[in-house]
Amino acid sequence: MDSIFHEKQEGSLCAQHCLNALLQGNYFTAVDLAELARQLDETERQTMAEGGLATEEYQRFLQQPSSNFDDSGYFSIQVLQRALRVWGLELMPFKSSDYVATSARADPTSQNAYICNFKDHWFCIRKLGHQWFNLNSLLTGPELISDTFLSLFLTQLQQEGYAIFVVQGDLMESEADRLLTVAPAVQPVKPPLIADAPSAASASSADVDLARALEESRRMIDDQDQTLRDTLTQSREGSGATEDDDLQRALALSLQGFQESAPPPSTSANQTSTSAEEVRRNREAFLDRLKADQQTSNASAEISQTNSQEPSADSGESAQTDEEMLQAAIAMSMSTKST
């Protein structure tokens, strides 16, 4: 399909694109069509002047802009007809009662080309080889149309308000005709509209840039990994170390770093441990003294029994001594707790 001549839309030059697509070559420019339009304007002016230069109709005609072209690049059907007449071609309305139009409505594939117009837009549908193509300049490329779809497509265009013209006459054979006759075109994906193409191209460019960036990132990571592996290998070879030795060194360094990063024990914790130790020692000392006092008490009791013949004042004195010992023990215990 690369051999098919197809011009993409520029400004409002769709009439130029339509004619060149029909003729399959760069045969007309905007300047050529503008000159034809001025010739038509002059012919119309001369016709209006026949009624008198001073008439109101003639003066109104001079004040009106041209109906055949404008500064945007629009050209009328009369300009297209004048341009095609040079090539021996005529345009017949599709709804005409003419025999050619009747045959076209009965079997659209019996013709060679159609020109379609809606408001200010023109485009061409043409047979190349044995296949039909939509050569709309609003598309990014030619669109392959099957024989069955051609009839439906023309019907759809009429329903949308398009004016359709049958191209009468013999179209000269183009390079695309010769190539497509031998090797028919296959088009699995239809060409998008030009209006949709920039966003798609932008997305495609972004995808390419992203893929390129990811590939570069992977390459840098692979290079760093390889450099690290080479360094470790050289280190082991130079020191005679094994992988286990490397692992042990790594673990030791990790533990050392953890110990260095661990916070020092708090002063309050040390003070708490010291206080608990002092309480324990004081408690042991108290228990030792209590045992000693108990032993002393037992010894005193034995002495009391031995000297039972002594006056009762002695026993009272002995009981008083035991009570004093108990009070002393309690006082010592309280002193230890307060300490």
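Structural remarks
- Amide H within-cut-off set for I145, under 5 Å, with H built and near neighbours excluded: W132, F133, N134
- Sorted from greatest to least, the principal axis extents spanned by the alpha carbons of the stretch 14-200 come out as 63, 44, 32 Å.
- Extension gain for the segment V100 to R281, taken as residue separation times 0.36 nm less the Cα-Cα distance, is 52.4 nm to one decimal.
- The gain in end-to-end length when the I194 to A49 segment is fully stretched comes to 47.7 nm, 0.36 nm per residue minus the alpha carbon separation.
- Along the axis of the charge dipole computed for the stretch 14-200 (Cβ charges of +1 for Lys and Arg, -1 for Asp and Glu, origin at the Cα centre), the listed residues Q187, N134, S110 are led at the positive end by Q187.
- Distance (nanometres) between label positions extended 7 Å along Cα→Cβ at V186 and V86: 4.0 nm
- Around the amide H of F75, modelled in the peptide plane, lie the amide H atoms of A15, all under 5 Å away and 5 or more residues distant in sequence or on another chain.
- Computed from phi, the 3J(HN,Hα) profile of the stretch 150-163 under the Karplus parametrisation 6.51, -1.76, 1.60 (θ = phi - 60°) reads 4, 4, 5, 5, 5, 5, 4, 4, 4, 5, 7, x, 6, 9 Hz, with x in place of Gly and Pro.
- Phi-derived couplings, Karplus 6.51 cos²θ - 1.76 cosθ + 1.60 at θ = phi - 60°, listed residue by residue for the stretch 27-38: 9, 10, 10, 5, 5, 4, 5, 5, 5, 5, 5, 5 Hz, with x used for Gly and Pro.
- Cubic angstrom per residue, convex hull over Cα atoms of the stretch 1-115: 139 Å³
- With 0.36 nm allotted per residue and the present C-alpha distance subtracted, the Q156-L62 stretch has 29.9 nm of extension available.
- For the stretch 105-113, 3J(HN,Hα) per residue [Karplus equation, 6.51 cos²θ - 1.76 cosθ + 1.60, θ = phi - 60°, Hz, x = Gly/Pro]: 5, 6, 8, x, 6, 6, 9, 9, 6
- If you plug the beta carbon distance of K8 and T29 into 1/(1 + (r/R0)^6) with R0 = 25 Å, you get a FRET efficiency near 0.95.
- Computed over neighbours whose Cβ is under 14 Å from that of C116, the net charge equals 0, Lys and Arg +1, Asp and Glu -1.
- Taken about its Cα centre, the stretch 14-200 carries a charge dipole of about 400 debye when Lys and Arg each add +1 at the Cβ and Asp and Glu each add -1 at the Cβ.
Read-outs: derived from the displayed coordinates by stated rules, not from any lab. These figures come from a predicted structure and were not determined experimentally. Methodologically, a virtual Cβ is constructed for each residue, glycine included, from the backbone with ideal geometry; neighbour enumeration extends over all protein chains shown.
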